[in-house]
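Asker: The following block contains the structure, expressed as structure tokens.
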Amino acid sequence: GEDVEQSLFLSVREGDSSVINCTYTDSSSTYLYWYKQEPGAGLQLLTYIFSNMDMKQDQRLTVLLNKKDKHLSLRIADTQTGDSAIYFCAVVQRDDKIIFGKGTRLHILP
Amino acid sequence: KAGVTQTPRYLIKTRGQQVTLSCSPISGHRSVSWYQQTPGQGLQFLFEYFSETQRNKGNFPGRFSGRQFSNSRSEMNVSTLELGDSALYLCASSYGTGTGNTIYFGEGSWLTVV
């Protein structure tokens, strides 16, 4: 089955850019998502990208997709303290199940 | 538009008991999925319901079951609770099912088994 990998932790200084990376194994994945989870809360959809795109920008968020390398990244420009959360990469599998990575905990340094 | 609503938000149960969690999807959404989130395993898919029928199922034992009602509301049940069932149970809804239907999550139900 599909495997989605993310690094577990990332520390970034306030005002810098954060880049969260994700790799996946199923090359037939058509939709790829980024979700944000704040402490004690559910998952909030941040953005998504179709597999026929290689970039999508939405305000401070930029998603890059490298289909050849099966690599997805989320860039957060001008990182703020409110961006501190766990970020999940999710990929739609062939059978329509959505497989999530284990999440990257983003820590903001003052 | 109200989001996905899950009840109860927090509950404590004893080993061997059973528990029922409830989920009300976003109005108009007909698909409901359930996920278990634990620190060690991350988010794991439990099952998906669409129009009262189970459409997909994850790799969980038969103690985990669910159902969906005609108004799209869903419940999941865990029988004979084990300590390892302690987790955040997340419900998500989408308009349809399959690729292209973005899912929206509720706040989750925190289950502690003692």
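Asker: Does segment B:95-110 contain any residue that is within 8 Å of chain A (Cβ to nearest Cβ), surrounded by 14 or more Cβ atoms within 10 Å (Cβ to Cβ), in contact (Cβ under 8 Å) with a residue 40 or more places away in the chain and of a type in the set (A, V, I, L, M)?
Answerer: Yes, segment B:95-110 has at least one match.
Asker: So for segment A:54-70 (the condition being modelled with pLDDT of 95 or more and among the acidic types (Asp, Glu)), does at least one residue qualify?
Answerer: No, segment A:54-70 has no match at all.
Asker: A further question follows. Check B:Arg15, B:Arg30, B:Arg9 and return the single one that is touching a residue at least 40 places away in the same chain (Cβ under 8 Å), within 14 Å of chain A (Cβ to nearest Cβ) and among the charged types (D, E, K, R).
Answerer: Just one listed residue meets the conditions, B:Arg9.
Asker: Regarding segment B:58-65, can at least one residue be identified that is at pLDDT 95 or above, within 14 Å of chain A (Cβ to nearest Cβ), surrounded by fewer than 17 Cβ atoms within 10 Å (Cβ to Cβ) and out of contact with any helix residue (DSSP H, G or I) (no Cβ under 8 Å at 6 or more places or on another chain)?
Answerer: yes
Asker: Find the strands (runs of 3 or more DSSP E) located wholly in segment A:69-110 whose residues include 2 or more that are more than 14 Å from chain B (Cβ to nearest Cβ), and list them. Outline the logic, then answer.
Answerer: On the way: elements: A:71-76, A:85-92, A:98-100, A:104-109.
The qualifying strands (runs of 3 or more DSSP E) are A:71-76, A:104-109.
Asker: Do we have any residue at all in segment B:86-93 that's more than 8 Å from chain A (Cβ to nearest Cβ), in a loop (DSSP other than H, G, I, E, B) and within 17 Å of B:Gln17 (Cα to Cα)?
Answerer: yes
Asker: Still on this structure: Mind checking which residues of segment A:3-29 are surrounded by 17 or more Cβ atoms within 10 Å (Cβ to Cβ) and not in a strand (DSSP E or B)?
Answerer: A:Ser29
Asker: Here are the criteria: (1) in contact (Cβ under 8 Å) with a residue 60 or more places away in the chain; (2) within 11 Å of another protein chain (Cβ to nearest Cβ). Tell me which single one A:Ser17 does not satisfy.
Answerer: Checking A:Ser17 against (1) in contact (Cβ under 8 Å) with a residue 60 or more places away in the chain; (2) within 11 Å of another protein chain (Cβ to nearest Cβ), the one that fails is (2).
Asker: I'd like to check something: does segment A:46-57 contain any residue that is touching a residue at least 24 places away in the same chain (Cβ under 8 Å), outside any helix (DSSP H, G or I) and either surrounded by 16 or more Cβ atoms within 10 Å (Cβ to Cβ) or of a type in the set (Gly, Ala, Ser) (or both)?
Answerer: Within segment A:46-57 (the criterion being touching a residue at least 24 places away in the same chain (Cβ under 8 Å), outside any helix (DSSP H, G or I) and either surrounded by 16 or more Cβ atoms within 10 Å (Cβ to Cβ) or of a type in the set (Gly, Ala, Ser) (or both)), the answer is yes, since at least one residue qualifies.
Asker: So, one more: Identify, by number, the condition in (1) outside any loop (DSSP other than H, G, I, E, B); (2) free of Cβ contacts under 8 Å to residues at least 24 places away in the same chain; (3) away from chain A (no Cβ under 14 Å); (4) not aromatic (Phe, Trp, Tyr) that B:Asn71 doesn't meet.
Answerer: (1)
The values are calculated or read from the model by the stated rules, or taken from the named source; none is laboratory data. Quick caveat, the model's predicted, so the values are computed rather than measured. Cβ sites come from the backbone with ideal geometry, for glycine too, and all protein chains shown count toward neighbours.
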